[in-house]
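Report on one structure; see the data block that follows.
The values are calculated or read from the model by the stated rules, or taken from the named source; none is laboratory data. No experiment lies behind these values; they were computed from the predicted model shown. Cβ placement follows ideal geometry from the backbone for every residue including glycine, while neighbour counts extend to all protein chains displayed.
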């Protein structure tokens, strides 16, 4: 039976607080001396953010994520959402659900593949290292052909498309920001770390879009046509379009639905071109442990926050994608 995973507090808040209170010196005692030597050290702290564990946030943060709906005060209108809740009023959210909700490629059908923890094994007293190879495989229909009497059947290549990848070779991506003393003292400063945590989780969805679309466009896909999609055994309801910042081929119908070249579409800021295809044949491989670092940079208590993530796009066959004309 799988053990339940303990929810986690906001890791940005944890390391930021530790870095702000960390000593800039380390005491080193030397025999024969009454006073220690003070050795300078970085006022820093580090932890991990586990995408596989629920994140504990207060109700106001959950409202900013769109996961809860506050009571509406019809006598007042606020430009900035404001919810008064006690500090103990918290909810748990799944970071992967937020990632998928903020990824256009995931909503179009792309899978988010999260690495599993490698099994620990000791052989003859030595820790065994594991190489984590994986693949994304898609399957085309087998091409049956007419066989004349007395003739041999034609040998065809495998009707499969494999994209091999290795979890240990996932490239690293980072986000860094600074929280100053004035930021903490200004209006909303008490919730700034929670807001940055929201931005990080949403940013993972944007990173997924960027990686997948970049991998597709690197293959220089041809212009879209229904005939080209038919030649790739596509069903019409499998096709999705992601409209880039140039808005190529995008039209909003009288029914209020966005389409590109007649295909159901969604907006994305991750590319300029409009990409059409079968996004369920793509994936984003991501390691679940994000490294979170905080560093106090001066005596005012200003801190720098840095988050690292390892991820890569996996596309089994770029022939399943086209660009809008």
| said: If the requirement is being exposed (fewer than 11 other Cβ atoms within 10 Å of the Cβ), modelled with pLDDT under 80 and either at positive phi or over 17 Å from the mean Cα position of the chain (by Cα) (or both), which of these qualifies: 60, 27? | reply: 27
| Conditions (1) exposed (fewer than 12 other Cβ atoms within 10 Å of the Cβ); (2) over 29 Å from residue 240 (Cβ atoms): number failed by residue 143 | (2)
| query | Got a sec? Which of 219, 223 is surrounded by fewer than 13 Cβ atoms within 10 Å (Cβ to Cβ), over 21 Å from the mean Cα position of the chain (by Cα), under 20 Å from residue 284 (Cα atoms) and in contact (Cβ under 8 Å) with a residue 40 or more places away in the chain? | reply | 219
| task | Only one of these is over 18 Å from the mean Cα position of the chain (by Cα) and modelled with pLDDT of 90 or more: 146, 135, 113, 96. Name it. | result | 146
